[in-house]
Amino acid sequence: LAGTGNADDPPAVEDLIQALQSKDLPARRNAAYDLDQLGQQAAPAVAALIVALDDADQQVWSRSASALAGIGPAAEPAIPKLVAGLPGGGQRAYRYGYALSQIGPAVLPVLLEALKAEQPPARAGAARSLGWMGAGATSAVPPLLELLDDAETTVAELSAEALGRIGQV
């Protein structure tokens, strides 16, 4: 579906949802790409994008995460799935963390809880996400200050970076 029609006539979200659920890999990739390009207009696809986060193909799941980030607050139903991906580390955790940061205030309680996780990658991912939220994450300052002494250096470093981005210290 990518590249079809003219620039003023993007594919219908309903068509992209169907393509995202296709068994055809190029169709899924194109649909995820097109939904990512739609920003907030892709909000009706949130449920399908959540499912696509489990796609075995990196292009599909990463573009789906990016689409959720572009949707913003309307992607709130994706919070549990995105947070569950933080402990895995790597590219998936990075992209999921960014998507979380773009959802807005609804994600704060979940990220504050993730700062207490046993797994260092979950704590690191939560700290990174909170940093990307900037001044919108001022309620995270006290627990981030505590994580400056985390035994895992990555967690401590990302907490310090988050505090700098939040800018309230």
Which numbered condition in (1) in contact (Cβ under 8 Å) with a residue 40 or more places away in the chain; (2) over 19 Å from VAL155 (Cα atoms); (3) of a type outside the set (Val, Ile, Thr) is the only one that LEU68 fails? (1)
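With closer than 25 Å to ALA47 by Cβ and open to solvent by less than 60 Å² (accessible area, probe 1.4 Å) as the only criterion, which of ALA122, ALA137 stands out? Full working, then the answer.
On the way: ALA137 fails: closer than 25 Å to ALA47 by Cβ.
Residue meeting the stated conditions: ALA122.
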Of the residues in segment 72-88, those that are open to solvent by less than 30 Å² (accessible area, probe 1.4 Å), within 21 Å of PRO120 (Cβ to Cβ) and among the small types (Gly, Ala, Ser) come to GLY85
Considering only segment 76-94, I want to know if a residue exists there that is on the phi > 0 side of the Ramachandran plot, modelled with pLDDT under 95 and part of a helix (DSSP H, G or I). yes
Return a yes/no flag: does segment 89-104 have any residue that is more than 14 Å from GLY125 (Cα to Cα), of a type outside the set (Ser, Thr, Tyr) and open to solvent by less than 10 Å² (accessible area, probe 1.4 Å). yes
Would you call ALA117 part of a helix (DSSP H, G or I) and among the hydrophobic types (A, V, I, L, M, F, W, C)? no
If you go through segment 39-58 one residue at a time, how many are part of a helix (DSSP H, G or I), open to solvent by less than 90 Å² (accessible area, probe 1.4 Å) and closer than 19 Å to GLN91 by Cβ? 3
Hey, LEU148 hits all of (1) modelled with pLDDT of 95 or more; (2) out of contact with any Ser or Thr (no Cβ under 7 Å at 6 or more places or on another chain); (3) in a helix (DSSP H, G or I); (4) open to solvent by 50 Å² or more (accessible area, probe 1.4 Å) but one; which does it fall short on? (2)
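The values are calculated or read from the model by the stated rules, or taken from the named source; none is laboratory data. Computed from a prediction, not measured in an experiment: that's the story for all the values here. Glycine gets a Cβ as well: all are built from the backbone with ideal geometry, and neighbour counts include every protein chain shown. For the accessible areas, the whole protein counts, side chains as well, though only heavy atoms, and no ligand, DNA or RNA atoms are used. Shrake-Rupley method; radii C 1.70, N 1.55, O 1.52, S 1.80 Å.
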